[in-house]
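Read the structure below first, then the notes.
The values are calculated or read from the model by the stated rules, or taken from the named source; none is laboratory data. Since this is a predicted model, take the numbers as computed values, not measurements. Neighbour counts are summed over all protein chains in view; Cβ atoms, including those assigned to glycine, are modelled from backbone coordinates with ideal geometry. When the accessible area is computed, the model is the full protein with side chains, heavy atoms only, and any ligands, DNA or RNA have been set aside. Shrake-Rupley method; radii C 1.70, N 1.55, O 1.52, S 1.80 Å.
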Amino acid sequence: MPIAPQELGPLFRRMFADRRFVVVSNREPYEHRWSAEVGETSVSRPAGGLTSALDPLMQALGGTWVAWGSGEADAAVVDPHHRVQVPPEDPRYTLRRVWLTHHDIHRYYLGFSNQFLWPLCHLRPDLTRVRTRYWERYRRVNRRFSDAVLEEAQGKQAAVWIQDYHLALAPALIRARRPDLTLSHFWHIPFPPFDIFRLAPQAEALLRGLLANDLMGFHLPMHADNFLRCARRIAGAEVDWQARTATLDGHTCHVGAFPISIDVDQFREAATVPDAEEQMARIRQRYAPRGGMIGVGVDRLDYSKGLPEKFKALEMLWERYPEFRERFTFIQVAVPSRSDIEAYDDLAQKVDRQVWEINDRFGTGDWRPIHLLKQSLPVERLAILYRLADVCIIGSLQDGMNLVAKEYVASQVDRNGALLLSEFAGAAEEMADAVLINPYDPEGCALRIRDALTLPASDRAAAMERLQGSLTTIYDWLNDVFTAWGGVARDGASAAPVSPRATAVEPDDELFADLYADAAESEEE
């Protein structure tokens with residue numbers, strides 16, 4: 001039975017009694033920007049399933065959300081303690097902003113987080129850039145976030161929930177000064193196997209940071225297993241495989257798999273607005289005026305999403321099966337991402353060139369095989385696009401989960417579509433009735449696309465019905481995390497003996513002391 005959003009507040013209070021809830025993330029739930037009128041500000045809500053799901057929970061519970069103040073007018077609206085009450089129309093909780101300089105953004109965010117950890121975790125060590133200045137700034141910014149958490153929790157018991165790979169060192173920094181706080185961390189991207197993660201010069205320091213949590217969460221059991229193996233072989237933690245725990249320096253970290261999901265009702269409602277049929281007719285007239293079938297893909301413009309491989313498979317479809325020329329049109333939404341990084345800029349150029357070549361080869365005067373939309377679309381437009389699409393193709397080369405698969409299924413209220421899903425996306429482990437594809441095999445992918453397009457309507461509907469029946473919601477995910485975390489906190493994991501290593505810096509422990517050092521950094525690139 002799916003859990004209702006309003007049930008999460010009482011659940012948290014049962015699990016954590018009088019503890020204050022503190023969320024820590026790189027991205028903030030509200031941004032302030034200057035409006036057209038001089039001196040006036042406007043508020044935007046950055047897109048993202050996590051921020052959208054946690055905001056109502058924070059409004060119900062109160063507490064504090066610690067995040068990077070990325071909006072151009074963010075500093076103009078905070079109090080002297082860098083806080084602002086949100087949402088602006090009906091304040092319910094505190095947003096504590098952490099400020100990043102140009103060098104912080106370049107080295108901590110674009111550098112270590114996204115030019116080292118991101119490609120490493122997505123099994124692309126060839127794309128990593130190892131720079132001492134990136135690591136130094138990553139440490140410094142993690143300390144800044146941990147200092148903000150400690151200030152917000154001063155004099156209070158708190159449950160601190162840290163998000164993702166940007167803040168791997170923060171748990172150890174927080175626990176060193178407040179061992180009584182209960183800490184949980186969710187890693188939203190894949191965690192690589194030992195042979196990949198050990199390539200990181202800072203692998204042990206990163207693991208020590210994460211092992212300071214009471215609960216470490218991942219999307220898949222495989223990622224949790226990878227983490228435990230790395231904890232044992234790199235950090236020297238004692239791993240109990242049956243209990244799913246790793247103990248280091250007297251502190252036990254519980255490790256679990258919690259597959260994330262979406263707000264299913266949000267997509268269903270957006271797909272069934274009163275003028276949905278009219279909107280779908282307009283899209284078909286624009287992109288497939290001669291009729292036929294439509295396929296859709298929605299991805300960030302990221303090398304982990306396999307766009308060149310997907311387009312190669314589509315090219316092979318139109319080459320090997322000419323009956324689909326002028327009968328099957330593909331719409332690819334490619335959301336621009338991290339264009340300041342060379343690998344992303346190279347990818348964008350490659351994708352543009354590839355689409356042009358395919359359209360030039362197979363297109364006619366009034367038909368274009370691929371329409372490339374390089375923009376982000378709101379839920380209201382995505383849901384309509386998902387609903388009308390005869391197939392949705394997800395060709396990820398490596399993905400922690402991939403929520404597009406679940407968005408497509410939730411929006412398929414007519415059950416006319418088929419989901420083609422990479423076997424390397426985390427969602428493939430949950431969605432057994434999807435058509436699984438190997439993006440490294442373009443011939444096989446082209447054959448699977450052909451089969452999906454020719455599948456009898458009754459078979460499509462039956463498969464989609466089963467997929468929809470298996471969908472959980474993001475609120476189920478939150479329930480699972482809070483239940484597991486609350487059980488750990490209740491059993492006293494955070495009160496376990498803590499060694500001096502975890503509460504003070506020992507002069508002879510260079511590795512751990514490095515986390516706390518205020519290293520003098522050159523501001524030169």
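Counting only residues that are open to solvent by 50 Å² or more (accessible area, probe 1.4 Å) and in contact (Cβ under 8 Å) with a residue 24 or more places away in the chain, give me the helices (runs of 4 or more DSSP H) lying completely in region 180-296 with at least 1 of them.
In region 180-296, 203-211, 221-233, 264-271, 276-287 are the helices (runs of 4 or more DSSP H) which contain 1 or more residues that are open to solvent by 50 Å² or more (accessible area, probe 1.4 Å) and in contact (Cβ under 8 Å) with a residue 24 or more places away in the chain.
Within region 18-38, residues that are without any contact (Cβ under 8 Å) to a residue 60 or more places away in the chain sit with their Cβ atoms under 9 Å from residues that are of a type in the set (Asp, Glu) and open to solvent by 40 Å² or more (accessible area, probe 1.4 Å), at 6+ positions apart or across chains, in these pairs: Glu31/Glu72; His32/Glu72; Arg33/Glu72; Trp34/Glu40; Trp34/Glu72.
Pairs meeting the criteria (first residue in region 138-149 and within 16 Å of Leu117 (Cα to Cα), second residue among the acidic types (Asp, Glu) and modelled with pLDDT under 95, beta carbons under 9 Å, at least 6 apart or on different chains) are Arg139/Asp514. Taking residues in region 429-441 that are farther than 17 Å from Asp451 by Cα, and partners anywhere that are aromatic (Phe, Trp, Tyr) and in a loop (DSSP other than H, G, I, E, B), the pairs with Cβ atoms closer than 9 Å and at least 6 places apart or on different chains are Tyr440/Phe424. Within region 20-60, the set of residues being part of a loop (DSSP other than H, G, I, E, B) and surrounded by fewer than 19 Cβ atoms within 10 Å (Cβ to Cβ) comprises Arg27, Ser35, Ala36, Glu37, Val38, Gly39, Glu40, Arg45, Pro46, Ala47, Gly48. In this entry, Ala427 is excluded by the filter for residues that are surrounded by fewer than 20 Cβ atoms within 10 Å (Cβ to Cβ) and either touching a helix residue (DSSP H, G or I) at 6+ places or on another chain (Cβ under 8 Å) or closer than 28 Å to Val255 by Cα (or both).
Report yes if some residue within region 408-427 is touching a Ser or Thr at 6+ places or on another chain (Cβ under 7 Å), at pLDDT 95 or above, over 15 Å from Leu455 (Cβ atoms) and assigned to a helix (DSSP H, G or I); otherwise report no. The answer is no; no qualifying residue exists. Can you name the residue in region 114-132 that is aliphatic (A, V, I, L, M) and at pLDDT 95 or above and, of all such residues, is nearest to Gly306 (Cα to Cα)? Selected residue: Leu123. Filtering region 65-82 to residues that are β-branched (Val, Ile, Thr) and closer than 16 Å to Arg144 by Cα leaves only Val66. Restricted to region 317-333, and to residues that are touching a residue at least 60 places away in the same chain (Cβ under 8 Å) and touching a strand residue (DSSP E or B) at 6+ places or on another chain (Cβ under 6 Å), which residue is surrounded by the fewest Cβ atoms within 10 Å (Cβ to Cβ)? Residue satisfying both the conditions and the ranking: Phe328. When residues in region 403-419 are screened for being of a type outside the set (Phe, Trp, Tyr) and either crowded, with 24+ Cβ neighbours inside 10 Å or in contact with a His (Cβ under 6 Å, 6 or more places away or on another chain) (or both), 11 of them pass.
Within region 101-126, residues that are more than 24 Å from Ser396 (Cβ to Cβ) have Cβ atoms under 8 Å from residues that are of a type in the set (Asp, Glu) and part of a helix (DSSP H, G or I) in these pairs: Arg107/Glu136, counting only partners at least 6 apart in sequence or on another chain. Kindly evaluate Asp459 against the criterion of being closer than 29 Å to Asp263 by Cα and either open to solvent by 60 Å² or more (accessible area, probe 1.4 Å) or in a strand (DSSP E or B) (or both). Yes, satisfied. Of the residues in region 7-19, none is hydrophobic (A, V, I, L, M, F, W, C), farther than 29 Å from Leu471 by Cα and either part of a helix (DSSP H, G or I) or under 23 Å from the mean Cα position of the chain (by Cα) (or both).
Listed conditions (1) without any contact (Cβ under 8 Å) to a residue 40 or more places away in the chain; (2) part of a helix (DSSP H, G or I); (3) among the charged types (D, E, K, R) are all met by Arg129, apart from (2).
Picking from residues in region 334-355 that are in contact (Cβ under 8 Å) with a residue 40 or more places away in the chain and in a helix (DSSP H, G or I), the one that is surrounded by the fewest Cβ atoms within 10 Å (Cβ to Cβ) is Lys350.
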